[in-house]
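The structure appears right after this line, and notes come after that.
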Amino acid sequence: SIVGQDRSDSTHVVEIVEFPSYEEAMKNSNLPETNRIFEELVAACDETPSFTDLDVVRDEQLNKMIARRFFNEVINAKNLDLADELCTDNYREHDPALSSYDVDLAQAKRENGEILDAFNPQLTLESVIAEGDLVTCRLNFQGRHTGTYQGIEPTNRDVAGTGHATFRCQGGKIAESWWNWDDLGLLRQLGVVEV
């Protein structure tokens, strides 16, 4: 339980009570003691207290949700324009597979669009870890080389691989990202590089 008092109105008091689960909270709300405490609160207040059923969402959880949306809706659903909503205006992407290791959002969308068109990959998130403003994702991908990729004509070969991406979030959006893929493994699968 956390009790807070409004700094601008000392008569406005907020109490936040956290339960281990929604089910535990509902079980607790049906206890006779809960009703007794509620009646005591009503007697102590000028107005009937209001109750809000909140889910606890911390920045790290929100940042993980943004990262998942990016993978599911931007990459897997090939909705590159959604990146405008999910990323900050000054977004920077760092990926050695792109033309430069540091590109802005418009350039990242253009170059990643070519990759999506070339392979139509489906990414699977294996794990997502958040700390502070950073979210790191371990993933794998599968696709088929049906479009030109970095000058390599389509081979119609199936490709698969692994990678990592780290996002730095700011204000509920992705501000920066770092990507690492097994590029050499991809080129071997395309038959461009011999083992």
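The residues in region 36-57 that are open to solvent by less than 80 Å² (accessible area, probe 1.4 Å), farther than 13 Å from GLU15 by Cβ and assigned to a helix (DSSP H, G or I) can be counted, and the count is 1. Listed by first and then second residue, the pairs with beta-carbon distance under 6 Å, at least 6 apart or on different chains, first residue in region 1-26 and more than 16 Å from PRO49 (Cβ to Cβ), second open to solvent by less than 90 Å² (accessible area, probe 1.4 Å) and of a type in the set (Gly, Ala, Ser), are PHE19/ALA25. Restricting ASN112, ASN120 to residues that are open to solvent by less than 50 Å² (accessible area, probe 1.4 Å), without any contact (Cβ under 8 Å) to a residue 60 or more places away in the chain and among the polar types (S, T, N, Q) narrows the list to ASN112. Take the conditions in contact (Cβ under 8 Å) with a residue 40 or more places away in the chain and not in a helix (DSSP H, G or I) and apply them to ARG92. Does it pass? Spelling it out, ARG92 is indeed in contact (Cβ under 8 Å) with a residue 40 or more places away in the chain and not in a helix (DSSP H, G or I). Any residue at all in region 66-73 that is within 20 Å of THR136 (Cα to Cα), of a type in the set (A, V, I, L, M, F, W, C) and open to solvent by 90 Å² or more (accessible area, probe 1.4 Å)? Checked against the condition, which is being within 20 Å of THR136 (Cα to Cα), of a type in the set (A, V, I, L, M, F, W, C) and open to solvent by 90 Å² or more (accessible area, probe 1.4 Å), region 66-73 yields no hits at all. Listed here are the strands (runs of 3 or more DSSP E) enclosed by region 98-195 that have at least 3 residues being aromatic (Phe, Trp, Tyr): 173-181. Contact list please: Cβ distance under 8 Å, first residue in region 175-195 and over 28 Å from PHE70 (Cβ atoms), second residue among the polar types (S, T, N, Q), pairs at least six apart or on different chains. As it stands, the answer is GLY191/THR155, since those pairs meet every condition given. Scanning region 59-105 for residues that are among the hydrophobic types (A, V, I, L, M, F, W, C) and in contact with an Asp or Glu (Cβ under 6 Å, 6 or more places away or on another chain) gives LEU82, ALA97, LEU98, VAL103.
The values are calculated or read from the model by the stated rules, or taken from the named source; none is laboratory data. What you are looking at is a predicted structure, and each value in this text was computed from that prediction instead of being measured. In this analysis, Cβ positions are derived from the backbone assuming ideal geometry, glycine residues included, and neighbour counts consider all displayed protein chains. Only protein heavy atoms, including side chains, enter the accessible area calculation; ligands, DNA and RNA are left aside. Shrake-Rupley method; radii C 1.70, N 1.55, O 1.52, S 1.80 Å.
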